[in-house]
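This report refers to the structure that appears directly beneath it.
Each reported figure results from applying straightforward, stated rules to the coordinates on display, with no laboratory input. In this text, all values refer to a predicted model and were calculated from it rather than measured experimentally. As a convention, Cβ positions derive from the backbone with ideal geometry for all residues, glycine included, and neighbour counts pool all protein chains shown.
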């Protein structure tokens, strides 16, 4: 009988040694890691059998998640290895076989400076109430950016901070703040039930792992209206697309209300991409919408197609256009111009800036 616990620890050591961000376990394939955005099969490891992927995955899950996985066929989970490395994982079935994807979560929460994030993000951590979103595709560092912002509040403010996550990713240690972290399925049944409860928990700041339903969005906006500072994420590509996604989550007869609420409570939307660096590793490029009177009017009137113009002309207020961010990275020699073009939504406009 194979010692899957030992196998997992060996794979984790490789992940750490190679500086990988992800580990993939798939039947009929060698274990594969992702380094600087590229997938690399571990050629010194044999192909995993269906029995191997099942055994490794069940070892990672633990008893509670194992039961959920076998019943539902997929599950999000977190895993902490004995050497204190944490992973966010998803176990799933494909073609009748078990697969698993693991994302490394750094135990040390990096500062915004260490993450090469713009200093203006600090301003949003000092607000007393409002709604701030970090958006982007999967795997672009949204959780890491939010963790840096939450930890800054923890270090600088006397606040009660609540996180609601599925699963809990970064583990915070309370400093000036009290931090409570609730994991869906283990500490609360759903995002929605936890969010309704937070109104009775005397919180100042809430970090919601992801805006998944209109109920979650509605509760988050209401919390921002009633004196709370709320942070969250959505899998969208830009600020304008994020606003559309939020509004379109509601039926037509409720869209007028959510537009008005969003216009009044939104602080900003930060969209980011992790770009391969010339020197190796990844560096963020980003877009920042700061909700001013012009953008609030566009949200109320449903003219979200004009939000990009507000961003492009709002640099004096601290707004950041994605193409300007990419062009600046090219000028600094951080990324190649051809790589910048592949990450630009408007490559022709980017050419003019470079």
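When you work out D = kT/(6 pi eta Rh) for region 96-168 at 37 °C and 0.692 mPa s, using the Kirkwood radius from C-alpha pairs as Rh and the Stokes-Einstein form, the result is 232 µm²/s. Computed from Cα atoms, the angle from the helix 239-248 axis to the main principal axis of the chain rounds to 90 degrees. Within region 52-210, DSSP assigns beta bridges of which about 60% are antiparallel (rounded to the nearest 5).
Using a cutoff of 8 angstrom between alpha carbon atoms and counting only pairs six or more residues apart, the relative contact order for region 4-105 works out to 26 percent. Take each peptide in 153-164, 33-44, count the other Cβ atoms within 10 Å of every residue, and average; sorted highest first, the result is 153-164, 33-44.
Mind checking the log10 I(q)/I(0) for region 1-56 at q = 0.12 Å⁻¹? Debye, one equal scatterer per Cα, no solvent, two decimals. For region 1-56, the Cα-only Debye profile gives -0.25.
Fewest-first ordering of 93, 286, 4, 79 by other beta carbons within 10 Å of each residue's beta carbon gives 93, 4, 79, 286. Beta bridges assigned by DSSP with both partners in the chain are antiparallel in approximately 60 percent of cases. Per-residue ellipticity at 222 nm computed for the chain from its helices equals -12000 deg cm²/dmol, with DSSP H segments shorter than 4 residues left out and the rest contributing -39,500 (n - 2.57). Note that region 250-300 shows a convex hull volume over its alpha carbon atoms of 100 Å³ per residue. Can you give the percent of C-alpha pairs in region 121-320 whose distance is more than 22 Å? Here the long-distance tail beyond 22 Å is 46 percent of all Cα pairs in region 121-320. By the Cα gyration tensor, region 4-105 has an equivalent ellipsoid whose semi-axes, rounded to whole angstrom, run 20, 16, 12 from largest to smallest. When the P(r) of the chain is calculated, the portion above 26 Å amounts to 54% of the C-alpha pairs. Computed from Cα positions, the angle between helix 322-331 and the longest principal axis of the chain comes to roughly 70 degrees. Arranged from fewest to most other beta-carbon atoms within 10 Å of their beta carbon, 250, 191 become 250, 191.
Computed extension length for residue 107-residue 94: 1.6 nm, one decimal, from 0.36 nm per residue of separation with the Cα-Cα distance subtracted.
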